[in-house]
Structure formats: structure tokens, C-alpha cells
Amino acid sequence: MPHEHTADEHTDPSLYRTPADAIAAPPEKLAYVAGFDRSARRPDALITVDTDPESPSYGRVLNLAELPGLGDELHHFGWNACSSALAHACHRNPERRFLLLPGLRSSRLHVMDTRPDPVRPRLVKVVSAEELAAKAGYSRPHTLHCGPDGVFLSCLGGANGADGPGGVALLDHTTFEVLRAWETDRGPQHLAYDVWWHLGASIGNTSVGVTSEWGTPSMVEEGVDPELLLGRKYGHALHFWELDSGRHLQRLDLGDQHQMVLELRPAHDPEQQWGFVGVVTNVEDLSASIWLWYRDGARFAARKVIEIPAEPAKTEDLPPALQPFGAVPPLVTDINLSVDDRWLYVSAWGTGELFQYDVADPFHPRPTGSVRLGGITAGAPHPTAPDVPLTGGPQMVELSRDGKRIYLTNSLYGSWDDQFYPGGIDPWIIKLDADTTDGGLVVDPRFFPHGEEFQGLRVHQTHLHGGDASSDSYCFR
């Protein structure tokens, strides 16, 4: 196990030693949301939303902190520090303070300081695309997490937008300067998407990294390429690594029919060595699936534990990209696992459904609830606006630390939005309340920021002030 951090008693209270501590902490009062302009004619922004139900501005946009450039396409983002910092001497008095926002198209990285005013974060640094290319050999930064040796920044492309290999850049925890590429021996890995780890698990007494696969810049930036999809060229494997050294250990192929292996959600319990990953589509029947990876002796194995079928539809109701298939694919584009590792949430962006599963036994998930919102053909409305069909569908899913609140946004990626929702994406954020005893979901009728509140920006990932289910690793039980 990692050794304990020796920070003084003034360590940031939003960093939690154990999952139980995180669950018991006060609920979030603010959410931060990545907003982007599809036309690239105005700046993208970090959007602050009020999540305090006692506030008169509950469910309203409080601030848009615009970036200085154009064409960034904010997508995923993350904190400079998470709870695992309490077990690593590389952080001294760590603070969950800075939000790092990669531009998926510009390859710039923006550092926003949430202090002294968390409602109005301010830009304090921009890491240039040139620095990312020169020092790490990567471009198109996608996902980031604070890790034991630095901030891990997964990237889809090689230097200056080259078509790979994609991989992970390592950034300094404090200055946010690009240090180097994390990988020292990448083995067969070429495609990139997400990166996570098991800090308490070991193969040869080292923590284990996990990465997943989407595609290179040319494969994703102009939308889904039907030839590549049907040719089974998108990512379909998991990769396992020595986290400390960046040495590739194992490639785990899920089968080339399972295209686009995306979001990784490892168990929060540091003594567990399993996690879930979502697969966007099976090219044989358009179904989507969730897979469980787990330790099997000295290596890792994976099995499909959830399958979500496509839904038949009339050709005239489908966008051109789907008309040859006569069905709406679920398009599982995000998943999230509660901090207590009990509940798994799965977003089906195509059919417009958010699923809840009881995963107390991760090998046998049990469906316990679902909500329909939007969808390619359904347009299922919000209960407070029953006459207004929702565009898009549940896409990014964020979950409060106590597991009782789920926040959904509706944009996937600009060019992919245009293919599957050619009528346009009108932005919205919807909050669900979850029953964390027996399961079940209810839409919060009071929380529905949408439309003009976002000043023309589409919305993608959400993070919660003080941390959330997708932000933290924990090193102690």
C-alpha cells in the first residue's frame, strides 16, 4: 500500500481518507460544467450552476467564465488534486482548488482557480499545444485525473495532431507544466481514451494503470466514419500497465465487434481490483454493453455483464446516419459508479435513457430503475416542460459523493451531435434523485437549467464542488 501522507492538520477538508468519509461529507452547493460553442465563433466557458436546494437561485446558471481563445471544444476536465493525494508524499498540503480544462480540438489546457470565489473561477494559466507536443509528444487532450506522480492527461493524438499513437501525458501537480509522456513501454497500445488505476492492487508489487480506446483524431473529429465502424477499426480493448513505470503489461481484447471502449470506472474501495467499462456499440446488432474487468490470478480478465439492445424505428424518423439500420442504437457514452461501489449508472445517449443498476455483486448487476429523457426518436420531455421535446439525451453522468443526486448533460461531441441529432442540440442539465436503499430514480422538477441560460453553448461534463463520484481515488478503507 502507498505510505501515508504527512500533511498537517489543515489539509483541504474536501479530500477524504476513505469512501465512507466522502459519503458523509456535506452535499455539494455548486456544479461546474464544460460549455462549448459548436460554431467556434465565441469562446468556450466553464459554467457554474447553483445546486443548493435552499438557495433562491437553485438550478440556475450563476456564472460563465469564458476562455481567451476560440475553437477549444471543452469536453472532459478535472481537479488538480483528489483524495488519493493524502497517501502520496508528492503532494505537500494538497488542495482541491484548480480545475484543468483541456481543449479537445485546440490541444490547449486551461487552468482555472476556484479560489477565492468558487462561483467565479479565474484563468491562471494556459498550457499551449506546442508545449504538450514538444514535451510529451501528444495532442487532443481528452481526460485527466490527479495521480501519484502527477496529473495524468490522456490524449487521442500524437504530436501536432498526428494520428497517434495516443497516450498519457504527465503534468506537474503544482506548476501544471508538461513533464513527459507517461508510457515508457507502450507495447501494442495505439488508440487512447480514458485512464484510471488500482492504487492498492499490484502485479509484481506495483500499482496498476488501466487505459481504454476510442480512436485517433482523424477517426473521430469529423464524426463517426461508417467504413471504420463497420470495418471494426475503432478501439475494442483494455490495456493494463505498471502505474509507477508506465510499462505495458497486458492487452485485453473485448472482441472487434465491440466498438469504442470508453469510460473506465474502477471500484472506489482500494482493496478491490475490478471496474466497469462501457462499450458504445456492437456492430453486429447495434447493442451497447457494460463489461467488468477483474483480477484473475496474475492477470486481468473481463466479461460482459450488461447488454442493452437497439430499439426498432421507422426509417423516416431516423437521422441519415441510422436510416440504413432501421433502429436506434443505445449508444452508451458514459457510466458512473457510486462512491460506495453499490450503484452503477449507464447513459444511453441514442435511445434517451438513464439506467440504474445495483452492483453489490459486480458480476451480476441487477436493474433497479431508469428514466427516459430526450432520445433520437423519442424526445421524451422533462416533467416541468411536457410540451417541449428534449434534444440530445442523457450523455455525461455525474454523481454526488453520497450517491443521492445524479446530474445529466446532453451533448456528446460537436461533430457526433450533428450526425445523430441533425436538428441541433439545445443544451440542458437535468438532476435526478436516487433511492440509495432499494433503487429507483425521480427527476427533480425544480432543477432544469436549459436553452438560453447557456448563451448558445452546448454542455458536456459536470464536476461538483468538493468532489464527486468520478473525481476521486481513495487509498484507505
Contact order relative to length for the chain, counting C-alpha pairs under 8 Å separated by 6 or more residues, stands in percent at 14 percent
Using Rg and Dmax of the Cα atoms in Å as the read-out, say which of (i) 42.3, 159; (ii) 22.3, 75; (iii) 20.4, 64 was calculated from these coordinates.
(iii)
Sorted peptide list for 372-381, 348-357, criterion being average Cβ within 10 angstrom, highest first:
348-357, 372-381
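Pop out the Kirkwood hydrodynamic radius of the range 36-92 from its pairwise C-alpha distances, inverse of mean 1/r, in Å to one decimal.
After inverting the mean inverse Cα-Cα distance, the result is 14.3 Å.
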Computed over the Cα atoms, what is the radius of gyration of the range 238-312 divided by 2.2 N^0.38 Å, N being its residue count?
1.20
Sorted by mean Cβ packing within 10 Å, highest first, what order do the peptides 43-56, 451-464 take?
451-464, 43-56
If you take all C-alpha pairs in the range 97-242, what percent of them are over 24 Å apart?
34 percent
Please report the spacing between the Cα centers of the range 451-465 and the range 129-177 in Å, no decimals.
25 Å
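Based on the mean of other Cβ atoms within 10 Å per residue, sort peptides 74-84, 123-133, 252-262, 93-103 so the most packed one is first.
74-84, 93-103, 252-262, 123-133
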When all C-alpha to C-alpha distances in the range 281-356 are sorted into bins of 5 Å, what percent of pairs does each bin hold, rounded to whole numbers?
3, 14, 21, 20, 15, 11, 7, 5, 2, 1, 0
Cα pair distances exceeding 20 angstrom across the range 140-211, given as percent
28 percent
Summed side-chain charge close to G440 - residues other than G440 whose Cβ falls under 14 Å, Lys, Arg +1, Asp, Glu -1
-1
Cα-derived Rg over Rh, computed across the range 100-152 with Rh taken as Kirkwood radius
1.01
Under the rule of at least 5 residues apart or a separate chain, name every residue whose amide H is placed under 5 Å from the amide H of D163.
G158
Kindly provide log₁₀ I(q)/I(0) values, in the same order as q = 0.14, 0.16 Å⁻¹, from the Debye equation applied to equal alpha-carbon scatterers of the range 377-447.
-0.48, -0.61
Separation between Cα centres of the range 276-336 and the range 24-100, rounded to whole Å
29 Å
Determine, for the range 19-464, the count of lysine pairs separated by eight or more sequence positions (or lying on different chains) whose alpha-carbon distance falls under 20 Å.
4
Over all Cα pairs of the range 320-450, how is the pair count split among 10 Å bins, expressed in % and running from 0 up to the last occupied bin?
13, 45, 31, 11, 0
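Computed from the coordinates by the stated procedures, all read-outs in this text should not be read as laboratory data. What you see is a predicted model, and the numbers here were worked out from it, not measured in a lab. Methodologically, a virtual Cβ is constructed for each residue, glycine included, from the backbone with ideal geometry; neighbour enumeration extends over all protein chains shown.
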